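Just below is one structure, and these are the notes that go with it.
Every number in this text was worked out from the coordinates using simple rules, so none of it is lab data. What you are looking at is a predicted structure, and each value in this text was computed from that prediction instead of being measured. In this analysis, Cβ positions are derived from the backbone assuming ideal geometry, glycine residues included, and neighbour counts consider all displayed protein chains.
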Amino acid sequence: MKTKVISVIVILSFLFTLFGCASIPEEHKGAATGAAVGGATGAVAGALLGGKGAKTETAILGGLAGALVGGLIGHYAYDTKKTKEETAQKYNYQSSMGTMVRLEDVSAMPATVKPGDKVDLKATYALLESADQDISITETREVRMGGELVGKPEVNVVRRGGTYSSNVPLFLPSDAKPGTYSVITTVQTQTAKDSKETSFTVK
């Protein structure tokens, strides 16, 4: 299926800050916007764009800190992999099970990179709900290096039941510290969540 893209551009600051979400008027969908406050401790600003057919989709992106200061979070993209019916059959889902979230796979690609390279933080997850209605989802990628939280891009989306893949590209700063970075991906609804961990190495 055709990949749907929410363009989100964030200029990074020294401070790790989580900002609220906003809506972009229909006429501006499909075009990226963004702004930043200069200086090492400037605020993070992002562009929030709705995907095709997504009536209430917005995004929230946290900043990067520590080993990732000066990096960039690129375009958030998602694709529908299976329908609700196909997903329900795979998991032998019954309506009595309520809302179900299953993270099937997470990855950081490529697994080994150099400073200045791009890392794709990918996730594939199944979502099922007894009623045929929109479900609010929060996707979080928590990036840590040596136990220190250095990034937390978070995306709020609205989905129907099915199986989805999504990706958040992370553009490393040219002076990214070498070492292994863990990435804990969490997909959460109001009543269910699932998490998986992966990693990438900067050499």
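Before moving on, here are some points about what is shown:
- Subset of Lys81/Lys114; Lys81/Lys177; Lys82/Lys193 violating a 27 Å alpha-carbon distance limit: Lys81/Lys114; Lys81/Lys177
- With each label modelled as a point 7 angstrom along the Cα→C-beta vector, the Asn156-Thr99 pair spans 1.3 nm.
- Estimated inter-spin distance, Thr191 and Lys118, nm [label 7 Å along Cα→Cβ]: 3.9
- With the simple model of a label 7 Å out from the Cα in the direction of the Cβ, Ala131 to Met109 spans 3.6 nm.
- About the centre of its Cα atoms, the range 119-170 shows a dipole size close to 140 debye [charges on the beta carbon of Lys, Arg (+1) and Asp, Glu (-1) only; nearest 20 debye].
- Ordering Ile73, Ile137, Ile184 by the number of other Cβ atoms within 10 Å of each residue's own Cβ, fewest first, gives Ile184, Ile137, Ile73.
- Calculated from backbone phi, Karplus (6.51, -1.76, 1.60) coupling profile of the range 102-117 in Hz, x at Gly/Pro: 9, 7, 7, 7, 9, 7, 10, 10, x, 6, 10, 9, 10, x, x, 7
- For the range 80-136, with +1 on Lys and Arg beta carbons and -1 on Asp and Glu, the positive-most of Tyr93, Ser130, Val106 along the dipole: Val106
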